[in-house]
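These notes are about the structure you will find just below.
The values are calculated or read from the model by the stated rules, or taken from the named source; none is laboratory data. The structure displayed is predicted, hence computed values, not measured ones. Note that we place each Cβ from the backbone using ideal geometry, even for glycine, and neighbour counts take in every protein chain shown.
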Amino acid sequence: MKGENEKNKERIPMNINELQLKTTAVLIAVGLLVGCGESAPPALELSFEEQLQTQFIEAQPGAVIEIPAGVHEITRSLSLNVPGVTIRGAGMDESILSFKNQVQGAEGLLVTGNDFIIQDLAIEDTVGDALKINQSTNVTIRRVRTEWTNGPDSQNGAYGIYPVQSRNVLIEGSVAIGASDAGIYVGQSSQIIVRNSHAEYNVAGIEIENSTFADVYDNVATNNTGGILVFDLPNLEVQGGQATRVFNNQVYRNNTENFAPAGNIVGNVPPGTGLLVLANDNIEVFENEFWDNGNVNIMVYSFTLGGRTIDDPNYDPYPEQIYIHDNEFRGGGTAPRHRSLVPWHELTGLNTPNIVWDGLTKPGDSGKNIVCLGSSTEASFMNLMGGEDPAAVSYDKAPHLCTLPRLQKIEFDVPGDD
């Protein structure tokens with residue numbers, strides 16, 4: 001006798017074509033009834049959207065839901081809350097879920113379920129976030145494109161690829177375009193890999209926020225307002241961001257004007273920012289290429305820079321143990337836009353150095369080993385010394401010629417292609 005799970009799987013429409021066959025069978029049955037003189041209510045053929053949401057509702061663990069090639073119009077949010085489901089398309093430029101005419105819902109696809117895989121499809125023009133994954137373990141996002149096709153616009157959804165409060169998150173080979181907050185965002189999560197992906201024309205290209213143990217590598221971040229952000233913010237359920245490695249990325253020409261809606265914290269990111277580390281600890285940045293980011297290539301600062309106040313007693317606003325070494329810099333810093341860099345630039349007429357630290361430390365902290373640049377470096381450097389007086393900055397690298405322990409590679413079991 002077959003087990004109950006096997007019976008359940010046999011009842012699941014595994015793809016749109018199978019569901020269409022079932023609908024056709026119902027129509028034939030109705031026709032037979034009518035032919036026998038029995039009345040029956042008319043059967044309506046389900047739309048693609050209705051078929052897809054039905055599959056999500058009826059899915060059992062282990063289900064593979066296929067999205068065929070084509071542009072599929074979706075008008076309402078889709079949701080999935082079953083573990084162990086794979087959603088698979090024919091390619092990120094072939095299988096497209098278009099929400100251009102969305103009339104209901106806060107996101108395109110909302111997933112709450114462990115052991116989730118989504119790959120080889122696109123989600124376009126959602127009213128809110130494109131792909132949100134919440135409170136899930138073992139999440140694989142592979143070759144997924146999220147895009148707002150009208151270009152940078154404050155009316156675009158906030159997040160493209162958006163796992164939050166999750167663990168063991170892999171994002172690879174994916175593309176995010178046009179998000180009014182972050183294209184690829186992982187927040188309040190742990191054990192994260194973002195690799196081989198492309199973020200363009202977002203406010204923040206790739207953002208790791210209030211998260212621990214992340215590897216961000218082999219990505220391209222270009223034409224965003226800020227290329228890569230590593231943040232820790234107050235008043236969130238999960239705090240204490242640390243242990244992120246940012247390496248082997250190309251971060252260039254992130255000079256798009258900030259188009260975040262008013263009041264959004266990412267609206268404070270100045271155009272022309274390559275990498276921004278805010279109030280995060282134990283960060284290693286190495287073997288990246290930075291070029292032509294007009295404001296600054298790399299900036300490290302405290303949440304309190306500029307007099308910003310904090311009303312969260314559990315929040316640590318100061319970055320610590322930031323290890324920046326063996327990166328390549330070309331150009332950049334020609335158009336400073338940060339509020340602490342503008343008066344300095346007006347006073348000196350200089351381009352922003354490759355690496356800028358605000359110089360703020362915890363009360364009583366000596367400042368030693370907060371920012372280390374390796375045993376030697378050719379990268380230019382500036383300490384803003386708190387950012388209050390543009391004439392009181394320091395360019396002395398000597399206190400920062402230090403090394404810190406290398407961070408460990410992030411590893412967890414990742415399912416391969418089916």
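Tell me yes or no: at least one residue of region 257-273 is assigned to a loop (DSSP other than H, G, I, E, B), of a type in the set (S, T, N, Q) and closer than 15 Å to I228 by Cβ.
No; the residues of region 257-273 include none that is assigned to a loop (DSSP other than H, G, I, E, B), of a type in the set (S, T, N, Q) and closer than 15 Å to I228 by Cβ.
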> When only residues in region 168-190 that are assigned to a strand (DSSP E or B), in contact with a Phe, Trp or Tyr (Cβ under 6 Å, 6 or more places away or on another chain) and not β-branched (V, I, T) count, which is surrounded by the fewest Cβ atoms within 10 Å (Cβ to Cβ)?
Replying inline: S190
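Please go through region 377-414 and pick out each residue that is closer than 30 Å to I87 by Cα and either at pLDDT 95 or above or touching a Leu at 6+ places or on another chain (Cβ under 9 Å) (or both).
Filtering region 377-414 for residues closer than 30 Å to I87 by Cα gives 409-414.
Hits for region 377-414 are K409, I410, E411, F412, V414.
When residues of region 298-339 are filtered for being free of Cβ contacts under 8 Å to residues at least 24 places away in the same chain and over 20 Å from I265 (Cβ atoms), how many remain? If you could, list the steps in order and put the result at the bottom.
Kept after step one, since they are free of Cβ contacts under 8 Å to residues at least 24 places away in the same chain, are these residues of region 298-339: 307-309, 313.
Next, only the ones that are over 20 Å from I265 (Cβ atoms) stay: none.
Going through region 298-339 one residue at a time, the tally reaches 0.
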>> Condition first: surrounded by 23 or more Cβ atoms within 10 Å (Cβ to Cβ) and either in a loop (DSSP other than H, G, I, E, B) or modelled with pLDDT under 95 (or both). Now tell me which residues in region 74-106 satisfy that.
In response: I74, V85, F99
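I'm trying to understand the selection: among the residues of region 370-388, which are touching a Phe, Trp or Tyr at 6+ places or on another chain (Cβ under 9 Å) and surrounded by 12 or more Cβ atoms within 10 Å (Cβ to Cβ)?
Step one: of region 370-388, the residues touching a Phe, Trp or Tyr at 6+ places or on another chain (Cβ under 9 Å) are 370-374, 378-384, 387.
Within region 370-388, I370, V371, C372, L373, G374, A379, S380, F381, M382, N383, L384, G387 meet the criteria.
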>> Residues to consider are R308, R330, R339, R406; find the one that is among the charged types (D, E, K, R) and touching a Phe, Trp or Tyr at 6+ places or on another chain (Cβ under 7 Å).
In response: R330
> Using beta carbons and a limit of 7 Å, which pairs, at least six apart or on different chains, have the first residue in region 340-351 and within 22 Å of V269 (Cβ to Cβ) and the second one assigned to a loop (DSSP other than H, G, I, E, B) and among the small types (G, A, S)?
Replying inline: S340/G306; S340/G387; N351/G333
>> Residues to consider are T361, T352; find the one that is surrounded by 15 or more Cβ atoms within 10 Å (Cβ to Cβ), touching a helix residue (DSSP H, G or I) at 6+ places or on another chain (Cβ under 8 Å) and of a type in the set (S, T, Y).
In response: T352
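Looking at region 223-235, which of its residues are touching a residue at least 40 places away in the same chain (Cβ under 8 Å) and under 26 Å from V296 (Cβ atoms)?
Residues satisfying the conditions are N224, T225, G226, G227, I228, L229, V230, F231, D232, L233, P234.
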>> So for region 210-222 (the condition being in a strand (DSSP E or B), touching a residue at least 60 places away in the same chain (Cβ under 8 Å), buried (at least 20 other Cβ atoms within 10 Å of the Cβ) and within 11 Å of the chain's Cα centre (by Cα)), does at least one residue qualify?
In response: no
>> I need the full set of residues from region 326-346 which are surrounded by 19 or more Cβ atoms within 10 Å (Cβ to Cβ) and assigned to a strand (DSSP E or B), in order please.
In response: F329
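Can you find a residue that is in contact with a helix residue (DSSP H, G or I) (Cβ under 6 Å, 6 or more places away or on another chain) and within 23 Å of T126 (Cα to Cα) anywhere in region 208-230?
Keep residues of region 208-230 that are in contact with a helix residue (DSSP H, G or I) (Cβ under 6 Å, 6 or more places away or on another chain), which gives none.
No: region 208-230 contains no residue that is in contact with a helix residue (DSSP H, G or I) (Cβ under 6 Å, 6 or more places away or on another chain) and within 23 Å of T126 (Cα to Cα).
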